[in-house]
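Here is the structure we will look at.
The values are calculated or read from the model by the stated rules, or taken from the named source; none is laboratory data. Just so you know, these numbers come straight off a predicted model, no measurement behind them. Glycine gets a Cβ as well: all are built from the backbone with ideal geometry, and neighbour counts include every protein chain shown.
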Amino acid sequence: MKYTAQNMANQCGNTAFLDGQMDSILLAEINQMADVYSGRIFVVNESYGIVLDTASLYEDRTCVSDEVFRCMTGNSSIVEASDRHYMSFALPITISDQDGNGKQQIVGVLVFGASTQSIASIVDVMNEKANVLLLLGFLLLSVFAYGMSGVFAAPFRRAIVQMDALETGNLNMELDSQGFDVNRKAADAVNAIIHRLKVQDESRQQFVSNVSHELKTPITSCKVMAESLIGQENVPVEIYQDFFESILEEVDREQQIVTDLLELVRMDDMQGVLNVSQVNIGTMLEVILRRLKPIAQKRDIELVLEIIRPVTALVDETKISLALNNLVDNAIKYNRDSGRVLVHLDADHKYFYLTVEDTGVGIPEDAREHIFERFYRVDKARSRETGGTGLGLAITKSVLAMHHGVIKVESVLGEGSKFMIRVPLRYTA
């Protein structure tokens, strides 16, 4: 509306319209514009005389309204009365200045007033239609959302049913991983947890079975020997003494198993709790080898200690001593007669490194990943002869893990084994 009114004002300035010389074409356009917008148009000359009124009521009269006065000074105005559905424009009519300086001279004003009732009616109709469409869209979206929620929820409903079955302790099933990407990822994560639980459950059952067997064996041996003595009359003293020595050995073995088990349980319950202090690792190894030397000498096994540089580490002295003692003790037990055990100690700025190498029977390749498991034995018959409990390496690995250390093994069957450990020089909780 403003653009159309401005266009009419420009045409009025380009003719002799303000001097009373009405251009029929321009007059027809102005009247048509007033009819289209159901409005009324005034054209006022610079003497404030009304030269045109489309309603033919105020022609040849004077207009002194505020809008016209402001417009004569170059300020167009727009008045909107939305409550009355009315809008008016007061636009200056200009011509080029006769001095040729490019400035515009105001020679009149075009006042255009129009009713906005029809526009408001159209807007009301459009709002009603929009509300209907919005309601319809909301209903369609609700139906679509309900349907899609069923599609999305179906995999989760299946998962809930399957997890209810898992709650009863059935670990022999896996969650269905079909469906959306999120469902697949969640199912894969739960299945991984189930797999770990199955492994732990199997390990627990195996451990309980091993513990029962290991504790039962010495008791069974003692019972058999005791029954044998009771069932005989006039048994020589030498046989009594021999049997009682065997019974004492079995009792000692039972006690050693219980001691090692308690040590493992204590480390599991107090995992990460260490009484750390500065310990000279080289001195500790000298004490361990001196303590085990009599056992090695019985089988003519040579113990060699190589210390590349002095090593002082912040560790739990009791637990590290137990771990290193188990390694050297195993190297002696599973060595051949007249063999050799080499203990090598070195360090850098961050870790100390210990290698225990023997010339013994070696470890089969398929058994190397199991030797740190509790009660696992490569050769059960030989282990019975040497008096092992099957817990030494498990204790060693647990101690090293508490110190954030690692242990690795290399072995050649029939030639010997090499255990290598790496432990931080400074323990960090």
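Before we move on, is L345 modelled with pLDDT of 85 or more, of a type in the set (A, V, I, L, M) and closer than 17 Å to K319 by Cα?
So L345 fails the test.
Give the number of residues within the stretch 1-27 that are small (G, A, S), free of Cβ contacts under 8 Å to residues at least 12 places away in the same chain and part of a helix (DSSP H, G or I).
The total comes to 1.
Restrict the check to the stretch 395-415 and report whether at least one residue is at pLDDT below 85, assigned to a helix (DSSP H, G or I) and more than 30 Å from Q278 (Cβ to Cβ).
No.
Determine which member of the set R340, R290 is more than 21 Å from I395 (Cα to Cα), assigned by TED's automatic domain parsing to the domain that holds V399 and without any contact (Cβ under 8 Å) to a residue 12 or more places away in the chain.
The unique qualifying residue is R290.
Is it true that T15 is loosely packed, with under 15 Cβ neighbours inside 10 Å, over 30 Å from V123 (Cα atoms) and in contact with an Asp or Glu (Cβ under 7 Å, 6 or more places away or on another chain)?
When the stated conditions are applied, T15 passes them.
Kindly indicate the residue of the stretch 28-60 that is assigned to a loop (DSSP other than H, G, I, E, B) and buried (at least 19 other Cβ atoms within 10 Å of the Cβ) and also farthest from the chain's Cα centre (by Cα) among those meeting that condition.
Looking at residues that are assigned to a loop (DSSP other than H, G, I, E, B) and buried (at least 19 other Cβ atoms within 10 Å of the Cβ), I get T54.
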